[in-house]
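Notes to accompany the following structure.
Computed from the coordinates by the stated procedures, all read-outs in this text should not be read as laboratory data. Please read all numbers here as calculations on a predicted model, not as lab measurements. Virtual Cβ from ideal backbone geometry, glycine too; neighbours counted across all protein chains shown.
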Amino acid sequence: MANAFVAAFEILSFGAIIVLIVLGLGIIASMMGIFNFAQGEFVLLGAYVTYLAYAKGLPIWAGMVAAPFLVGGLGFVLEALIIRRFYAAPIVAMLGTYALGLIIRESVRGLIGGFYLTVPEPIGGSIDIGAMHISAWRFTIIVITLLVMGGCYLLLSRTSFGLRVRATLENPSLARASGISTPLIYGATFAFGAALAGLAGALIVPVFSLFADLGLRFLIQGFVAVMVGGVGSFIGPVAGAGVIGTLSAALPWVMAPVVADVLVFVLAIVFIKFRPQGLIAGKGV
Amino acid sequence: MLKPMSVVRQAIVADAGDEMDGAMAEGAAAGPAKDRVKAGRKVLPIVEGVVLVAALLAPLVLQDYLTVFATRVIILALFALSFDLVWGYAGIMSFGQALFFGSAGYGVALLARDLDITNILLVLPAGTLIGLTFALLLGGFLLLGRHPSSVIFVSLGTLTGSYAADRLARGWYYLGGQNGIPSIAPMTLGGYEFTEGPAFYYLVLGILVVVYLLCRFLVRSQFGLALAGLRENEQRIAFFGYKAQHLKAIIFTVGGGVAGLAGSLYAFHEGFVWPNMVGVVVSTQVVLYVLFGGSGTLIGAVIGAVIVEGVSFWLSDNYRDIWPIILGLLLLLVILFRPLGLISFVLGERERVGSFGAGQKETRDAP
């Protein structure tokens, strides 16, 4: 019983981490049609900002709060300078964002060297429920993921900003004709997606420690999750991330980890092949 | 169109790599090529001739360790050619080309390790076949079917395939896990062993030239023309009655075969294979070569591989840390301002796209 509970918690917390990482990726892919290969590096930057705050002696949570704003700001600038030119061509966008990611990743590698740098958990210790212990920080991540998910949903479905974003997604020319500044909306959406990645990086760095390939590890998983969930909506990628995250955390409990790892990808690709629109089809929230 | 090349080819056969005669080959190549320029303003054959002559002379002027490096570059150029066929001509974004490269490498490494088969006449076809088979399976699955697959799906599918193969190779004890398969025996032909050096270099160069000419023939045929149409406007090609998906699957498979050939050569040249060889890093590396050089021209892929590897080798002594950053910046600049690659500095758009119909006529005229 206790073992099953610990396993369930592990699976849940890993699923939450994947959802957190995919949120930004999914928003950019769904709302802008760009598969952002630099997303993993935004995660890395978020982690790096948190590490910097820690190394400078600031409280860790300060770094975690600052990370999404800094990374989001960078995302806004990059969108205005570079990403904007790629909208017409999705493949070129992939290559361009890959190049961007390469630059960011290697710069960070130059800054931190080839090390694995650890950042302590701002909320340490464990929560005891009877005889069972679960990590307090992982529990916090689950809670924050739920909050962020809810917040994003409300932002996109209930606010006027969300309305503009959705209008721009569904019919850019009509949105422009209605007086919505679509370039600004695209910029803001990209910055928002980047900020979410920054937040994800900041939150997971105590769990995975900081190394240059941190973001790369999650990038392909993230893409697969977005495709499984369905591009075009907010809920789709989140659902996909839940499925992929849960599967990749759950399968190693019942089979060899290597087989499980590969099996998740194979299953996902086969699924997408026969259901290209994903789990949740359609546009909107 | 084929004339200057064939003259050079004859020169190669006659000279077999003597320095003096190499210079003659250069003269022989330059003569007709220049006439060509005046007649039709064709730049491509000149570029091809210059690259070939430079490649022929390279081992004579380079030190031994550089010849070994140059051999590796030539193999990677062959690999780049396979990606260029798939992306540059048919417009299929394969982010998993290393899957075919690496699986063939692993395949021949296993042949050499477990069955003691190192005969060049067996291992190279075997490697090609492995690449071909994997590409047929993956390409058939991703590209064929009732609904045409989206570009995004194909690129992410190949990327995922390559990533999954990497994970599998890392975790599978039989394949050596993280360490891969070390100390592969050298390739043999009869009693002769191909070890690193000029002989291996010329072997690889010969294979590259043969494959290059085959590809050249392929892309200038009716089939190649249909492929280029596919890249420019897929729907239109479908309306002409071509089975677009089949064309794509065929070229994808051919590309996989070429990648497999390159992979088996690479495995024997380096003497070991390791998980990175099937993984995402090598897959994206080959994308870089072709983008730099210029996709859609065969020679662009070769030039791209040579330049990227060459500069990386040259800088790696002093600037190892910042080289990947520079590479990223250059790549970004090329994508933003020179989408057709470095070759577009010397090669007009007209010649790149329009060479198909004209090339065909001349192919028939060629001796």
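Take each residue of peptide A:219-230, count the partner chain Cβ atoms within 10 Å of its Cβ, and average: the result is 3. Between A:Val77 and B:Ser221, the modelled label-to-label distance comes to 5.3 nm, taking each label 7 Å out from Cα in the direction of the beta carbon. Per-residue packing, averaged as other Cβ atoms within 10 Å, sorts the ranges B:109-115, B:298-304, A:10-16 into the order B:298-304, A:10-16, B:109-115, beginning with the highest.
Shielding by partners for B:283-291, please: the mean number of other protein chain Cβ atoms within 10 Å of each residue's Cβ. Mean shielding count: 2.
Basic side chains Lys and Arg get +1 at the Cβ, acidic Asp and Glu get -1 at the Cβ, and with that the dipole of chain A about its Cα centre reaches some 720 debye.
What net charge do the residues around B:Phe200 carry, taking every other residue with its C-beta under 14 Å from that of B:Phe200, with Lys and Arg at +1 and Asp and Glu at -1? Overall, the nearby charge balance is -3.
Among A:Ala88, A:Ala136, A:Ala67, the residue with the largest mean-square fluctuation in a Gaussian network model of chain A, with springs joining Cα atoms closer than 10 Å, is A:Ala88. In this entry, region A:153-285 is assigned a mean projected area of 9.6 nm², taken as a quarter of its C-alpha convex hull surface. For the protein assembly as shown, the residue among B:Val302, B:Ala70, A:Val243 whose Cα projects farthest onto the positive side of the dipole built from Cβ charges is A:Val243.
For the protein assembly as shown, rounded, prolate or oblate, judged on the Cα gyration tensor with a ≥ b ≥ c (square roots of eigenvalues), a/c < 1.5 rounded, else prolate if a/b > b/c? Here the protein assembly as shown falls in the prolate category.
Distance from the Cα centroid of region A:118-145 to that of region B:123-144 is 47 Å (rounded to whole angstrom).
Going by the alpha-carbon gyration tensor, a ≥ b ≥ c the square roots of its eigenvalues, is region B:159-234 rounded (a/c under 1.5) or, if a/c is not under 1.5, prolate (a/b greater than b/c) versus oblate? In terms of gyration-tensor shape, oblate. Note on B:111-119: average number of Cβ atoms from other chains within 10 Å of each residue's Cβ is 0. Peptides A:262-273, A:68-79 ranked from most to least packed by the mean count of surrounding Cβ atoms within 10 Å: A:68-79, A:262-273.
On full extension, the segment bounded by A:Ile127 and A:Tyr153 gains 6.4 nm, given 0.36 nm per residue less the C-alpha separation.
Here the contact order of region B:43-344, divided by its residue count and restricted to Cα pairs under 8 Å and six or more residues apart, works out to 34 percent.
Residues B:Ser155, A:Ser107, B:Ser82, A:Ser160, ranked from the fewest to the most other C-beta atoms within 10 Å, line up as A:Ser160, A:Ser107, B:Ser155, B:Ser82. Principal axis extents of the C-alpha atoms in chain A (largest first, rounded to whole Å): 62, 47, 34. Considering only A:Gly236, A:Gly101, A:Gly151, the Gaussian network model of chain A with Cα springs below 10 Å gives its largest mean-square fluctuation to A:Gly151.
Listed by Cβ neighbour count within 10 Å, with the fewest neighbours leading, B:Lys42, B:Lys248 appear as B:Lys42, B:Lys248. Placing +1 on each Lys and Arg Cβ and -1 on each Asp and Glu Cβ, with no other charges, gives region B:43-344 a dipole about its Cα centre of roughly 920 debye.
Between region A:150-216 and region A:10-79, the alpha-carbon centres lie 12 Å apart. Residues B:His269, A:His133, B:His147, ranked from the fewest to the most other C-beta atoms within 10 Å, line up as B:His147, A:His133, B:His269. Among the chymotrypsin sites (Phe, Trp or Tyr not before Pro) within region A:80-173, those in coil by DSSP and having at most 12 neighbouring Cβ atoms inside 10 Å are A:Phe115, A:Tyr116. As an equivalent ellipsoid, region B:43-344 spans semi-axes of 28, 23, 19 angstrom, where each value is the square root of five times an eigenvalue of the C-alpha gyration tensor, largest first. Normalising the average separation of contacting C-alpha pairs (under 8 angstrom, six or more residues apart) by the number of residues puts the relative contact order of chain A at 34 percent.
Across region A:120-241, the mean sequence separation of Cα contacts (distance under 8 Å, 6 or more residues apart), normalised by length, yields a relative contact order of 14 percent. An oblate overall shape is assigned to region B:231-333, the ratio a/c of its alpha-carbon gyration tensor axes (a ≥ b ≥ c) being 1.5 or greater and a/b not exceeding b/c.
Computed packing ranks the peptides B:66-77, A:168-179 as B:66-77, A:168-179, most packed first, by mean other Cβ atoms within 10 Å. Applying 1/(1 + (r/R0)^6) with R0 = 30 Å to the Cβ-Cβ distance of B:Leu213 and B:Tyr192, what FRET efficiency is obtained, to the nearest 0.05? The value I calculate is 0.75.
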